[in-house]
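Right, one structure below, let's go through it.
Just so it is clear, none of the values below were taken in a lab; they were calculated from the coordinates. Note that the structure is a prediction, hence the values are computed from the model and not measured. Heads up, the Cβs are rebuilt from the backbone with ideal geometry, glycines too, and the neighbour counts pull from every protein chain shown.
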Amino acid sequence: MDDSTTAVLAIMTLVTTLVFTAASALPRLKVTLRPQPAYNKMPSMIGNAIESDRPLHISLGSAGIGGESTVLAVAVAELAYQLAKRATIGDTSPLLTLSNASAFPLAQDTLRRAYQSRGMLAQYSPLSARWYPAGERSLAFAAALTTLIPTENISGSVLAGSYGIEIGLIMDASQRKNQLVIGTSDQLDGQAVAYVLGGAPLIGEEVFTAGAYLEGEPGSLRVPLTIDALRWVVIAVMLIGLLVTLGD
């Protein structure tokens, strides 16, 4: 890709982002998001956890702060916040697990904010965020979670973060307990396993749209609109580049 094509792409990206950011803030703009099976199932998972008085399990995997997975860790923390905020009205606190120590303060703060948003900060326990020493593609972390699921009597699991094929062990353990489990990963092999074994597909950048689907505030709608717009911009640029190449 030459400099002129790069410049055009940058300008189109900037313009698209500004347009959709401004448009999504308009109170009269009615936005209809495309159906997302995973987000559609999450409210029922929360309801089941509250009614059965069992904890909802949310895991970041090996996503952490300060590395390549920083943005992913922040996005999954937002997803965890949206789920925990609803689950906190129950008697049992949701559990947030991770294997990257750098994300541990983020996990604790996510749960704290969830309780604070409900005016229930006194019920927050930092022990609900749990770190299991492991690393990327760790069978040890997967083994720890397969033990956690029956011992803590988990109601369901949302595994959103960074996993390899070991995510299959965790999801299989959940399904053996007849629990709904949703998984997604930034690693291709982990995403493939999660897609096959999960109760509903959650793919790639869809993890960044949790606020829009679960909260629905006008400001949060900017994310899926911008992502979809940028997707079409990238496709258009690729097609233009292909046509230019074929023309030469």
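Quick check on region 35-215: what are the equivalent-ellipsoid semi-axes from the Cα gyration tensor, as sqrt(5λ), descending, whole Å? Can you show the working numbers first?
Values: eigenvalues 89, 63, 54 Å².
They are 21, 18, 16 Å, listed largest first.
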HN-Hα couplings for region 172-179 via Karplus (6.51, -1.76, 1.60; θ = phi - 60°), in whole Hz with x for Gly/Pro, come out as 5, 5, 5, 5, 5, 9, 6, 9
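Roughly speaking, what is the stretch gain from Thr147 to Glu215, that is 0.36 nm per residue apart minus the C-alpha to C-alpha distance, in nm to one decimal? It would help to have the intermediate numbers written out before the result.
Details: separation 68, 0.36 × 68 = 24.48 nm, distance 3.20 nm.
So the extension gain works out to 21.3 nm.
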For region 151-166, just list the computed ³J(HN,Hα) in residue order, Karplus coefficients 6.51, -1.76 and 1.60, θ = phi - 60°, integers in Hz, with x standing in for Gly and Pro. 5, 8, 6, 4, 8, x, 10, 10, 9, 10, x, 10, 9, x, 5, 5
Farthest towards the positive end of the dipole of region 32-126, among Leu56, Pro35, Ser125 and with Cβ unit charges of +1 on Lys and Arg and -1 on Asp and Glu, lies the Cα of Pro35
Sorted from fewest to most neighbouring beta carbons within 10 Å, what does the list Thr92, Thr70 look like? Thr70, Thr92
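For the residues Trp232, Trp131, what sequence is obtained by ranking on other C-beta atoms within 10 Å, fewest first? Present the calculation step by step, with values, prior to reporting the outcome.
Values: Trp232 11, Trp131 16.
Fewest-to-most ranking of Trp232, Trp131: Trp232, Trp131.
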Highest mean first, what order results for 173-184, 143-154 on Cβ atoms within 10 Å? 173-184, 143-154
Length-normalised contact order for region 35-215 - Cα pairs under 8 Å, 6+ apart - percent: 25 percent
